[in-house]
1. Taking H as built 1.01 Å from N, whose amide H comes closer than 5 Å to the amide H of Arg109, not counting residues under 5 places away?
2. Could you give me D for the stretch 62-123, from Stokes-Einstein at 10 °C and 1.306 mPa s, where the hydrodynamic radius is the Kirkwood radius over C-alpha pairs? Units µm² s⁻¹, please.
3. May I ask for the net charge around Phe203, where only other residues with Cβ less than 12 Å from the Cβ of Phe203 are counted and Lys, Arg are +1 while Asp, Glu are -1?
4. When the accessible area of the stretch 16-158 is computed with all protein chains present and a 1.4 Å probe, what percentage of it is carbon and sulfur?
5. Taking the Cβ-Cβ separation of Val244 and His210 as r and a Förster radius of 51 Å, what is the calculated FRET efficiency to the nearest 0.05?
6. Could you give each residue of the stretch 130-147 its phi-based ³J(HN,Hα) in whole Hz, using Karplus coefficients 6.51, -1.76, 1.60 with θ = phi - 60°, and x for Gly or Pro?
7. Using θ = phi - 60° and the Karplus curve 6.51 cos²θ - 1.76 cosθ + 1.60, what whole-Hz ³J(HN,Hα) does each residue of the stretch 105-116 get, with Gly and Pro shown as x?
8. Rounded to whole Hz and in sequence order, give me ³J(HN,Hα) for the stretch 157-165 from the Karplus expression 6.51 cos²θ - 1.76 cosθ + 1.60, θ = phi - 60°, writing x for Gly and Pro.
Amino acid sequence: MVLEEIKTSLIMWFSYALIPCWFVDGAAVLPAPQNLSVRSVNMKHVLTWSPVIVPEEIIHYSVEYQGEYESLYMSHIWIPSSWCSPTQRPECDITEDITATVSYSLRVRATLGSLTSAWSTLKHRFNQNSTILTPPRMEITMDGFHLLIKLEDLGPHFEFFVSYWRKEPGAKEHVKVVRPGVLPVYLEMVEPGAAYCVKARTFVKAIGRHSAFSQPECVKVQGEALPLALALFAFVGFVLILVVALLSLWKMGRLLRHSCCPVVMLPDTLKITNSPQKLISCRKEEVEACVTSGLSSEELLKAWI
């Protein structure tokens, strides 16, 4: 029994040791990576492949890409990935390399010391238009009497359409567009004691697509609604304050007018009791009487002596 287990282990070890390295014309050749595929979710693109296994050895991989521009105008050149040349992991984040909405070819090869495998190319060209857009994760909290929505940051390509409404029959649904970098989101003032629901979806302008809406999440605003009597009392108080303010302004205006332009009272001796025409006629009569009753020349001479 023990001998059979040892035999089986030796066979498996030789198999693992010989399978990775093929011999062509007496020279060892490293096999190329297989099963290339691209996993693209929310504009994050990751190229994956099946690893090349060599016991007790570390395999390095090189990744290159070729867009339509390189293929048509630059003699089919291949550009090394900025993040994965080389890499030890059997995957590569090519998000920063895919910069346009065109088709890309991708290829990978393995390296072990001086051994280098052939290139393994992705069967179908990749276009970021095929990315899967998922509804955004969000968190609803209260900031005073405002709804505060926290959305996950998916990068500069994403806009958010936030829909919210009061949880009651026939309530109107409001939509707010949130631009990249404007997070978190403050919605309009809410009424205490009422419940509000929110849902959101993403939109990527570069590819002209949007995700499905997230599941609605509802939250009830803490506190009780103001009773009608209290609201009426507040309105009456506001009107009274307004009236008092207007009366105060009117009184201040009168005080300022009397301070700047006071009313001067004339003495009785300077007051004119008769009409000006009558006074003029009286003065004329007095002058005539004085002229007619003048002294004679003899009387003047006697008075002088």
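The values are calculated or read from the model by the stated rules, or taken from the named source; none is laboratory data. Computed from a prediction, not measured in an experiment: that's the story for all the values here. Please note: Cβ atoms are built from the backbone with ideal geometry, for glycine as well, and neighbour counts cover all protein chains shown. Just the protein is used for accessible areas: all its heavy atoms, side chains included, with ligands, DNA and RNA removed. Shrake-Rupley method; radii C 1.70, N 1.55, O 1.52, S 1.80 Å.
1. Amide H to amide H, under 5 Å and 5 or more residues apart or across chains, Arg109 pairs with Ser62, Ser120.
2. Once the numbers are plugged in, D ends up at 129 µm²/s.
3. Working: positive: Arg179, Arg201, Lys205, Arg209; negative: Glu159.
Once all neighbours under 12 Å are counted, the net charge is +3.
4. On the way: 4440 of 8160 Å².
Heavy-atom surface of the stretch 16-158 belonging to carbon and sulfur, 1.4 Å probe: 54 percent.
5. 0.35
6. 8, 4, 8, 9, 10, x, x, 7, 8, 9, 10, 9, 10, 10, x, 10, 10, 7
7. 9, 9, 8, 9, 9, 9, 9, 9, x, 8, 8, 9
8. These are the phi-based 3J(HN,Hα) values: 7, 9, 10, 10, 10, 9, 10, 9, 7 Hz.
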